1. Using the Karplus curve 6.51 cos²θ - 1.76 cosθ + 1.60 with θ = phi - 60°, what ³J(HN,Hα) values do you get for each residue of the stretch 226-231, in whole Hz, with x for Gly and Pro?
2. Karplus couplings for the stretch 154-162 from phi (6.51 cos²θ - 1.76 cosθ + 1.60, θ = phi - 60°), rounded to Hz, Gly and Pro as x?
3. Pairs to check: 150/237; 128/220; 198/237; 40/125; 147/207. Give those whose C-alpha atoms are more than 30 Å from each other in this structure.
4. So what are the ³J(HN,Hα) numbers for the stretch 101-114, from phi and the Karplus equation (6.51, -1.76, 1.60; θ = phi - 60°), rounded to whole Hz, Gly and Pro as x?
5. For the stretch 180-237, rounded, prolate or oblate, judged on the Cα gyration tensor with a ≥ b ≥ c (square roots of eigenvalues), a/c < 1.5 rounded, else prolate if a/b > b/c?
6. Considering only DSSP states other than H, G, I, E and B, which GluC sites (Glu not before Pro) in the stretch 129-237 qualify as loop sites with at most 16 other Cβ atoms within 10 Å?
Amino acid sequence: MMKGSRVRFGLALALLCVSNIGNIEMLAQNGDSSKASDEKLIYADFQKLENGRLVSSRGGRTQLNRWAQNMGAAPKMRGLENAEPPAPAPARVTDQDTAAAFEYEMRMPNEWAGVSMEVFGQPEKDGKPVADDISGYKYMTLRLFGKGPKEVRVELVSRGQGVSLESGYPQMTFRVSPGFNTYKFKLDEFRQPEWAEKLDFKRDILKKLTSVTIGVFCEKCRLESGTVVVDNLAFEK
């Protein structure tokens, strides 16, 4: 069941802070976190709301997506109440730190399915996503708490920049450890699925990044439900 998500988000984060306080790094509150330094681009720390919705550090929108082989049994997802399009919910980690959270429920029958949170780096301009050149960075980092999923997948996406893929963007899949942990990935280790139309990674993605997705997925799906909380998405040199 997915009722009362606001209560469960708050409870999950409260329990998280009590049991894992030693693993949580507090955000520095000095200065504007939306600005890129020479060494780090804070893509999304989820400290800002626009029209009640979480946005990235420079004001890009956030949204929830879902997909399935059998859309008649598409996954259920829950985030911000009454949001259209669907969006992740703000989740309070500490008095000074907010994260982005969503709940999901995989359903049967499905050969494959998934739910993801998509974070755009910047607001649209003239109705078109604005691209970031992240080719000078080597790593992506994020903090994540997952209750339910054993694995989470991160994708680097370019929309409206000459790339027209519906799916199959470069991705990284990783196992989720207990607690609210920081994960670090080498950008040059992201790979497209074998079945995807091949892209030039640097030209098409790193120089034209419009969004990042963080999501859960299943193959030969079974009934499964859970919660994902994301914070401090950044690129580092």
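What follows draws every value from the coordinates through simple rules; no lab data is involved. All of these numbers come straight from a predicted model, not from anything done at the bench. Ideal geometry is used to build each Cβ from the backbone, glycine not excepted, and the neighbour counts take in all protein chains shown.
1. Calculated HN-Hα couplings, in order: x, 10, 10, 10, 10, 8 Hz.
2. So the J values, rounded to whole Hz, are 10, 10, 9, 10, 10, 10, x, 10, x.
3. Numbers: 150/237 28 Å; 128/220 36 Å; 198/237 26 Å; 40/125 24 Å; 147/207 34 Å.
From 150/237; 128/220; 198/237; 40/125; 147/207, over 30 Å: 128/220; 147/207.
4. Couplings: 9, 8, 10, 9, 8, 6, 10, 10, x, 7, 6, 7, 6, x Hz.
5. Numbers: a/c = 2.49, a/b = 1.26, b/c = 1.97.
In terms of gyration-tensor shape, oblate.
6. Working: sites: 151, 155, 166, 189, 194, 197, 219, 224, 236; in loops: 166, 194, 197.
Those that pass, being in a loop and sparsely packed, are 166, 194, 197.
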